[in-house]
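Right, one structure below, let's go through it.
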Amino acid sequence: MGSSTEPDALADGVEFWSNPERGGWLTKQGEYIKTWRRRWFVLKQGKLFWFKDPVVNRSSVPRGIIPVATCLTVKGAEDVINRQFAFELSTHRETMYFIADSEKEKEEWINSIGRSIVQHSRSITDREVVDYDSARAAEASRHQ
């Protein structure tokens, strides 16, 4: 996934070290070499960051970043990969698999990521609706 190669550019000013929406250990399957690695994940402002070390500060460098706006679904995946507490995160390009430490953790991650996807999705936003309405109103007033 391209996002994991350019963490600085994709962090986009997000202070991932300060008050994350969610943080915790997950085991993630590698992108190219399909081994499982335990990583510290941080969800903040529509980005899912991961690190080798749970001590995250301003100088920490993320091992990867997933912008949740690129995600289509997040759901349980125990039967897909035959692992307990597994879930998947899907984009147009790929499906990534994660394993939480418990059923409760799995559900909390799914809920947190799901909420973030909804908040940051590229569906029509209120601002865009207002823009369309404003454009129509401006057009109508010019013809009066």
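In the range 105-124, which residues are free of Cβ contacts under 8 Å to residues at least 24 places away in the same chain and within 19 Å of Lys28 (Cβ to Cβ)?
Once the filter is applied, which keeps residues that are free of Cβ contacts under 8 Å to residues at least 24 places away in the same chain and within 19 Å of Lys28 (Cβ to Cβ), the range 105-124 yields Glu107, Asn111.
Could you check how many residues of the range 86-115 are of a type in the set (Ser, Thr, Tyr) and in a strand (DSSP E or B)?
Selection size over the range 86-115: 4.
Considering only residues that are touching a helix residue (DSSP H, G or I) at 6+ places or on another chain (Cβ under 7 Å), modelled with pLDDT of 95 or more and either farther than 21 Å from Pro20 by Cα or surrounded by fewer than 19 Cβ atoms within 10 Å (Cβ to Cβ) (or both), which ones fall in the range 89-102?
Selection gives Tyr97 alone.
Among (1) more than 17 Å from Gly30 (Cβ to Cβ); (2) at pLDDT 90 or above; (3) over 11 Å from the mean Cα position of the chain (by Cα); (4) among the aliphatic types (A, V, I, L, M), where does Val130 come up short?
Answer for Val130: the failing condition is (2).
Here's the yes/no breakdown for (1) modelled with pLDDT under 95; (2) surrounded by 12 or more Cβ atoms within 10 Å (Cβ to Cβ):
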residue	(1), (2)
Arg22	no, yes
Gly46	yes, yes
Ser60	yes, yes
Lys104	no, no
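Given the criterion farther than 17 Å from Arg115 by Cβ, touching a strand residue (DSSP E or B) at 6+ places or on another chain (Cβ under 6 Å) and in contact (Cβ under 8 Å) with a residue 40 or more places away in the chain, identify the matching residue among Arg83, Arg93, Arg63, Arg58.
Arg63
The values are calculated or read from the model by the stated rules, or taken from the named source; none is laboratory data. Quantities reported herein were computed from a predicted structural model and do not represent experimental measurements. All Cβ positions, glycine included, derive from the backbone under ideal geometry; neighbour counts span all protein chains shown.
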